[in-house]
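The values are calculated or read from the model by the stated rules, or taken from the named source; none is laboratory data. What you are looking at is a predicted structure, and each value in this text was computed from that prediction instead of being measured. Using ideal geometry, Cβ is built from the backbone for each residue, glycine included, and neighbour counts are taken over all protein chains shown. With ligands, DNA and RNA removed, areas are computed over all heavy atoms of the protein, side chains included. Shrake-Rupley method; radii C 1.70, N 1.55, O 1.52, S 1.80 Å.
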Amino acid sequence: MKTLNLDLEYINNLAEENAEKYQSTKPFPYISFENFLNEYTADKMIEDFPPIDDTFYKYDNPLEKKYAFDKISELPDSIRDCLIELNSPPFLNFLEKLTGIEGLVPDPYYRGGGIHQSKRGGKLDIHVDFNRHPKLKLVRRLNVLIYLNKNWKEEYNGDFQIWDGYKDKEGKHVLTKLVQKIYPTFNKFACFNTSERSYHGFPEEIECPEDTTRTVSYTHLTLPT
């Protein structure tokens, strides 16, 4: 079986070429890259991507409608190996060069990570993430996503949106401006800093065909306090 084998020279060049851009991006640092994984790996992951069943955790409330699975050991080898490599020292070194954040610690529990899928009608309202890991008591600093959607069309919605906003004196979140739309096309890498200002989501209901889902592999990186 062919393994992921990240092209370290390629990703380290990406980090060096984009570090200044990433770290200076407003309202908070974020970036996306096309064709991030080798073609074999990306194709194998989507081929092996499990269908939604009762083992997935279902989010179904006014703010979000999606499915998630974080039991890494139970995933197909191709997806499990990818997620493990996205938490490996060489990949952490790439992220530290890109983001300027040193001492990143991967989450072995994949809390809120793993794989996510959204059916037609799915959505995730614009929000900020929890910053404190409930088990490790570390602070979440980065989200990393690999999208795995072949032939995704803009009219399906599902675009990952970056918003500017703030919390008012009453503690209410106020969104002020849509900054960027990142479409979840096949083999796209996205990364962003998490903080009390990192407003993101895919708020418009997905309008993909009934036999299609919006799929993503997802991991978080933390820092001690």
Open item on the list: Here are a few candidate values for semi-axes √(5λ) of the Cα gyration tensor in Å: (i) 25, 19, 16; (ii) 24, 23, 18; (iii) 35, 19, 16. Which one was actually calculated from the structure I just gave you?
Closed with: (ii)
- [ ] With a cut-off of at most 10 other beta carbons within 10 Å, and DSSP calling the residue loop, which GluC sites (Glu not before Pro) in the stretch 127-220 qualify? Please list them.
- [x] 170, 210
- [ ] Return the calculated 222 nm mean residue ellipticity for the chain, to the nearest 500 deg cm²/dmol, obtained by summing -39500 (n - 2.57) across DSSP H runs with n ≥ 4 and dividing by the residue count.
- [x] -6500 deg cm²/dmol
Open item on the list: Between 181, 172, 65, where does the largest GNM mean-square fluctuation fall for the chain, given springs only between Cα atoms within less than 10 Å?
Closed with: 172
Open item on the list: Suppose a student asked you for the relative contact order of the chain, using Cα pairs under 8 Å spaced at least 6 residues apart; what percent would you report?
Closed with: 29
Task: Inter-centroid distance (Cα atoms) of the stretch 144-223 relative to the stretch 26-73, Å - done: 11
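Suppose every K and R has +1 on its Cβ and every D and E has -1 on its Cβ; what is the size of the dipole of the chain about the Cα centre, in Debye to the nearest 20?
Dipole size: approximately 840 debye.
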Task: Residue-normalised accessible area of the stretch 1-114, given per residue in Å² at a 1.4 Å probe - done: 55
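Output the relative contact order of the stretch 134-225, whole-number percent, from Cα pairs under 8 angstrom with separation of 6+ residues.
49
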Task: In order through the stretch 188-200: 3J(HN,Hα) via Karplus (6.51 cos²θ - 1.76 cosθ + 1.60), integer Hz, x for Gly, Pro - done: 9, 9, 9, 8, 8, 6, 9, 6, 6, 10, 8, 7, 7
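With every protein chain kept in place and ligands, DNA and RNA left out, what is the accessible area per residue of the stretch 141-197? Probe 1.4 Å, answer in Å².
It amounts to 49 Å² per residue over the stretch 141-197.
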- [ ] Run the accessible area of the chain with a 1.4 Å probe and give the carbon-and-sulfur part as a rounded percent.
- [x] 47
Open item on the list: Let me check I've understood the local charge: for residue 15, count other residues with C-beta under 9 angstrom from its C-beta, Lys and Arg +1, Asp and Glu -1. What total comes out?
Closed with: -2
Open item on the list: Rounded, prolate or oblate for the stretch 1-134? Axes are the square roots of the Cα gyration tensor eigenvalues, ordered a ≥ b ≥ c, and the cut-off for rounded is a/c under 1.5.
Closed with: oblate
